[in-house]
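J.: Before we start, here is the structure in question, set down as structure tokens.
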Amino acid sequence: MYFDELALSDEVLDALWDMHFDECTPVQEKTIPVILEGRDVISCAQTGTGKTAAYILPLLTNLAYDDHDPDKLNAIIMAPTRELAQQIDQQMEGFGYYVPFSSVAIYGGKDNGAWGTQVTGLQRGADIVIATPGRLLSQMNIYDVDFSGVKYFILDEADRMLDMGFYDDIMTIMRKLPAERQTIMFSATMPPKIRQMAKAIMRNPVEVQIAVSRPPETIHQMCARVYEAQKPGFVQLALQGKHLKKVIIFAGKKQRVKELTRTLRTLKTDAYAMHSDLEQKERDQVMLDFRNGKIDVLVATDVVSRGIDVTDVPLVINYDVPRDPEDYVHRIGRTARAENSGSAITLVSPEDARYWRRIEVFLKKQIEQLPLPEALGDAPTADEYATRSGKDYSGGFRHSSQSRRARPHRSKGRDRGGHRRATKPQS
């Protein structure tokens with residue numbers, strides 16, 4: 001389906017046209033019409049499916065057509081991290097280029113200037129507030145924020161917010177909002193906590209299920225069995241001579257991120273770290289340089305696994321196996337975005353055998369195994385993985401001569417002669 005077959009405002013369609021977006025993703029096709037009708041929506045969709053546009057586009061259209069107070073806050077979008085809040089704010093600028101609505105992003109950090117801007121936006125009634133729960137609650141505790149004009153309450157990555165312990169904060173904010181409002185929730189998973197919260201804050205919501213949260217087939221998934229001491233060398237050899245730009249390496253803890261970054265730099269690899277110890281200005285600069293291709297390798301904690309929209313990442317390396325299958329999905333989902341293809345390599349030590357087993361059981365398949373380069377010595381044996389996992393299981397590892405699975409390739413096939421398609425009559 002094309003965007004101009006939906007009842008979006010002309011200003012929103014003009015912005016989409018300028019940005020060369022014409023075809024909807026499945027989550028956009030199924031969710032946008034329901035939001036335009038004013039219904040509460042709970043949408044379950046995996047990362048990289050275009051869910052941000054699925055709520056921004058109808059929100060901007062509804063604001064253009066509905067009766068709202070331009071001097072009050074009209075919409076609140078909640079996000080789990082400042083990185084995602086920033087990304088949403090950036091997309092709001094693009095999609096809202098031709099509409100007269102203001103937005104302000106509310107998130108933590110040590111930038112005093114940002115705090116002043118946030119206060120001004122809340123006090124003067126920005127049309128749309130994009131906020132992390134903790135920061136917005138802090139503003140509410142200090143200043144008298146008027147929420148009486150809020151007609152739209154949107155929660156992005158709701159499962160992640162609950163995992164981070166924001167349930168009480170969200171409920172506190174929700175109780176300050178008018179009862180008559182449209183509530184929209186996006187989540188990659190649908191655990192009982194999400195359904196509990198939906199029941200508490202939504203009215204007869206329409207549920208949109210796009211797909212089980214598994215990686216798209218455009219990601220070539222691979223793994224390698226290694227000892228911990230072999231990991232730095234494997235990463236170096238994986239990057240050596242390939243001239244790859246915008247590679248992301250995920251490590252489980254910020255101390256591991258710091259150590260690996262230092263190691264890679266001693267090996268003459270252009271690597272930069274991204275973790276929670278960096279100040280906001282530093283994080284912003286690193287991400288800007290990474291997006292612009294000035295940084296070849298970004299070593300990061302899971303702070304980057306959700307909400308960072310860089311469309312041309314060719315390779316993701318899991319230096320440590322994620323403890324949760326959903327974290328694995330979100331990590332490798334940083335590649336193969338915007339209909340591109342990409343690769344993901346996970347380094348699995350015997351200590352991680354049980355976590356890797358969970359991931360392969362979740363994926364319902366065994367991931368292709370890469371041979372360990374001869375320069376690194378012998379790889380751990382399958383028996384070592386079976387022993388560590390506590391089961392008769394070798395971590396999915398098998399003979400490394402398995403042939404590489406063919407991956408499908410897709411193309412948009414845009415060819416509209418420079419003219420917008422005729423809009424379908426609305427029923």
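The values are calculated or read from the model by the stated rules, or taken from the named source; none is laboratory data. Owing to the predicted nature of the structure, the values given are computational and were not obtained by experimental measurement. FYI the Cβ positions are ideal-geometry reconstructions off the backbone, even for glycines, and counts take in every protein chain you see. All accessible areas refer to the heavy atoms of the entire protein, side chains included, with ligands and DNA or RNA removed. Shrake-Rupley method; radii C 1.70, N 1.55, O 1.52, S 1.80 Å.
J.: Roughly how much of residue 144 is accessible, in Å² to the nearest 10, using a 1.4 Å probe?
T.: 140
J.: Once the Cβ-Cβ distance between residue 375 and residue 253 is put in as r, and R0 is 35 Å, what FRET efficiency do you end up with, to the nearest 0.05?
T.: 0.80
J.: Near the amide H of residue 185, under 5 Å away, which other amide H atoms are found, from residues 5 or more places off or on another chain, if H is placed in the peptide plane?
T.: 41, 42, 43, 155
J.: Can you pull the semi-axes for the range 152-285, root of five times each eigenvalue of the Cα gyration tensor, sorted largest first, whole Å?
T.: 40, 19, 13
J.: Rounded if a/c is under 1.5, else prolate if a/b is larger than b/c, else oblate: which is the range 219-324, with a ≥ b ≥ c the root eigenvalues of its Cα gyration tensor?
T.: rounded
J.: What ranking, highest mean first, results for peptides 9-21, 243-255 when packing means the other Cβ atoms within 10 Å averaged over each residue?
T.: 243-255, 9-21
J.: Which of rounded, prolate, oblate describes the range 29-92, given a ≥ b ≥ c as roots of the alpha-carbon gyration tensor eigenvalues and a/c under 1.5 marking rounded, otherwise prolate only if a/b is larger than b/c?
T.: Here the range 29-92 falls in the oblate category.
J.: In square angstrom, rounded to the nearest 10, how much accessible surface does residue 5 have for a 1.4 Å probe?
T.: 30
J.: Continuing with this model, one more query. With charges set only on the Cβ (+1 for Lys and Arg, -1 for Asp and Glu), what does the dipole of the range 246-343 come to about its Cα centre, in debye to the nearest 20?
T.: Dipole of the range 246-343, to the nearest 20 debye: 280 debye.
J.: Still on this structure, please answer the following. Gain in length, residue 341 to residue 358, computed as 0.36 nm per residue apart minus the alpha-carbon separation, to one decimal in nm?
T.: Stretched fully, the residue 341-residue 358 segment lengthens by 3.6 nm.
J.: At q = 0.25 Å⁻¹, what log₁₀ I(q)/I(0) does the range 205-256 have when each alpha carbon counts as one equal point scatterer in the Debye sum?
T.: Debye intensities relative to I(0), on a log10 scale: -1.23.
J.: In addition: Can you show me the helix-derived [θ] at 222 nm for the chain, built from DSSP H runs with n ≥ 4 at -39,500 (n - 2.57) apiece and divided by the number of residues, rounded to the nearest 500.
T.: The helix contribution divided over the chain gives -11000 deg cm²/dmol.
J.: Residue-wise, which Karplus ³J(HN,Hα) couplings in Hz belong to the range 186-199, taking 6.51 cos²θ - 1.76 cosθ + 1.60, θ = phi - 60°, and x for glycine or proline?
T.: Ordered by residue, 3J(HN,Hα) equals 10, 8, 6, 10, 10, x, x, 4, 5, 5, 5, 5, 4, 5 Hz.
J.: Which loop chymotrypsin sites (Phe, Trp or Tyr not before Pro) in the range 117-207, with loop taken from DSSP, have no more than 12 other Cβ atoms within 10 angstrom of their Cβ?
T.: Hits after loop and neighbour filter: 143.
J.: Grab the Cα-Cα distance for residue 93 and residue 39, subtract it from 0.36 nm times how many residues apart they are, and report the gain in nm with one decimal.
T.: Going from the current span to full extension adds 17.0 nm.
J.: Per the 1.4 Å probe, what fraction of the accessible area of the range 241-332, in percent, lies on carbon and sulfur atoms?
T.: About 49 percent, which is the carbon plus sulfur part of the accessible surface.
J.: Additional query: Given a 1.4 Å probe, how much area per residue of the range 66-148 is accessible, in Å²?
T.: Ligands and nucleic acids excluded, the result is 42 Å² per residue.
J.: Might you work out the accessible area of residue 95 for me, using a 1.4 Å probe with all protein chains in place, and round it to the nearest 10 Å²?
T.: That residue has around 10 Å² of solvent-accessible surface.
J.: Compute the distance in nm between two label points, each set 7 Å from the Cα along the Cα-to-Cβ direction, one at residue 323 and one at residue 17.
T.: Going by the 7 Å Cα→Cβ label model, 5.1 nm.
J.: Answer rounded, prolate or oblate for the range 63-220, using the Cα gyration tensor with square roots of eigenvalues a ≥ b ≥ c: rounded when a/c is under 1.5, else prolate when a/b is larger than b/c, else oblate.
T.: Verdict is rounded for the range 63-220.
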